[in-house]
Amino acid sequence: AKKDIIIGIGCKKGVNSEAVKQSIFDALQKVNLTLERVRLLSTIEIKSEEPGLLRTAEELDIPLRIVSCQEIAACAKEHGKSNFVKEKIGVWGVCEPAALLSGRKTQLLLKKQKYPGVTVAIARENSCRVVQRPLTDFREQRNFAQAQCTNDMVLFVDSDELPSEELV
């Protein structure tokens, strides 16, 4: 299965692994995804020794990436902000920026979901996609391609060329 999902997790001190797992399963269900698609769990460094999180990662056999407070504070990607979290730990959020920062070219699929003692957000890593369209003229084709973009590159391939499997 393709592993392109990052789950960002925030939690209260002392949360148990069952609560964390239940939150993950519920959040995945909300976006019609399975655990098999999850590449990483992610959280902030001050939660790096939290037994419930560590046990969850171990039981689900999914790596847990730890994101520094500095990385989260500098996160340029749009994410929700919480005054409560800012007061408690000095950053505006945990689960959304942790998910966004832990993958490559990520987009938030599911904003912060609140559960008892746990918050969860889901991001997906983006790869390239192939879009085909009959050619009318080059300018119109270029404008169409740019309108489809979610990342920062467009590759034009002539009709007599085929992209390799590696490229796709």
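Residue by residue, here is whether (1) open to solvent by 50 Å² or more (accessible area, probe 1.4 Å); (2) out of contact with any Ser or Thr (no Cβ under 6 Å at 6 or more places or on another chain); (3) at pLDDT below 75 holds:
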| position | (1), (2), (3) |
| --- | --- |
| G103 | no, yes, no |
| V131 | yes, yes, yes |
| L135 | yes, yes, no |
| Q146 | yes, yes, no |
| T150 | yes, yes, yes |
| E166 | yes, yes, yes |
Q. Residues of the stretch 1-42 being in a loop (DSSP other than H, G, I, E, B), touching a Leu at 6+ places or on another chain (Cβ under 8 Å) and not hydrophobic (A, V, I, L, M, F, W, C), which ones?
A. T34
(Q) Consider the stretch 48-64. How many of its residues are more than 13 Å from S17 (Cβ to Cβ) and in contact with a Lys or Arg (Cβ under 9 Å, 6 or more places away or on another chain)? (A) 1
**Q.** So R139, is it farther than 18 Å from V15 by Cα, at pLDDT 80 or above, open to solvent by 70 Å² or more (accessible area, probe 1.4 Å) and in a strand (DSSP E or B)
**A.** no
Q. Among (1) modelled with pLDDT under 90; (2) at positive phi; (3) open to solvent by 80 Å² or more (accessible area, probe 1.4 Å), which single condition is Q70 missing?
A. (2)
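Quickly run through the stretch 28-54 and pick out the residues that are of a type in the set (D, E, K, R), in contact (Cβ under 8 Å) with a residue 40 or more places away in the chain and either surrounded by fewer than 14 Cβ atoms within 10 Å (Cβ to Cβ) or out of contact with any helix residue (DSSP H, G or I) (no Cβ under 8 Å at 6 or more places or on another chain) (or both).
Start the filter on the stretch 28-54 by keeping residues that are of a type in the set (D, E, K, R), which leaves 30, 36-37, 39, 45, 47, 49-50.
Among the residues that remain, those that are also in contact (Cβ under 8 Å) with a residue 40 or more places away in the chain are: 30, 39, 47.
K30, R39, listed by residue number.
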Q. Is at least one residue of the stretch 84-92 open to solvent by 80 Å² or more (accessible area, probe 1.4 Å), modelled with pLDDT of 75 or more, outside any helix (DSSP H, G or I) and not charged (D, E, K, R)?
A. no
Q. Taking the stretch 107-123, which residues are at negative phi and open to solvent by 10 Å² or more (accessible area, probe 1.4 Å)?
A. Q107, L108, L109, L110, K111, K112, Q113, K114, Y115, P116, T119
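When the residues of the stretch 1-11 are filtered to those that are buried (at least 17 other Cβ atoms within 10 Å of the Cβ) and among the small types (G, A, S), which remaining residue is nearest to K114 (Cα to Cα)? Let's see the steps before the verdict.
At the first step, the residues of the stretch 1-11 found to be buried (at least 17 other Cβ atoms within 10 Å of the Cβ) are 4-11.
Checking which are among the small types (G, A, S) leaves us with 8, 10.
Numbers: G8: 12, G10: 9 Å.
In this case the residue turns out to be G10.
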Q | Count of residues meeting criterion [surrounded by fewer than 24 Cβ atoms within 10 Å (Cβ to Cβ), of a type outside the set (D, E, K, R) and in contact with a helix residue (DSSP H, G or I) (Cβ under 9 Å, 6 or more places away or on another chain)] in the stretch 12-27 | A | 7
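Return the only residue of S42, S23, S17 being touching a Phe, Trp or Tyr at 6+ places or on another chain (Cβ under 6 Å) and of a type in the set (S, T, Y). Even if it seems obvious, please write down each step before you answer.
Details: S42 fails: touching a Phe, Trp or Tyr at 6+ places or on another chain (Cβ under 6 Å); S17 fails: touching a Phe, Trp or Tyr at 6+ places or on another chain (Cβ under 6 Å).
Going through S42, S23, S17 in turn, the sole match is S23.
If I ask for residues that are of a type in the set (S, T, N, Q) and either at pLDDT 95 or above or not in a strand (DSSP E or B) (or both), which ones from the stretch 43-56 would you list?
Step one: filter the stretch 43-56 for residues of a type in the set (S, T, N, Q), giving 43, 48, 56.
Once the filter is applied, which keeps residues that are of a type in the set (S, T, N, Q) and either at pLDDT 95 or above or not in a strand (DSSP E or B) (or both), the stretch 43-56 yields S48, T56.
The values are calculated or read from the model by the stated rules, or taken from the named source; none is laboratory data. Note that the structure is a prediction, hence the values are computed from the model and not measured. In this analysis, Cβ positions are derived from the backbone assuming ideal geometry, glycine residues included, and neighbour counts consider all displayed protein chains. Surface areas here come from the heavy atoms of the whole protein model, side chains and all, with no ligands, DNA or RNA. Shrake-Rupley method; radii C 1.70, N 1.55, O 1.52, S 1.80 Å.
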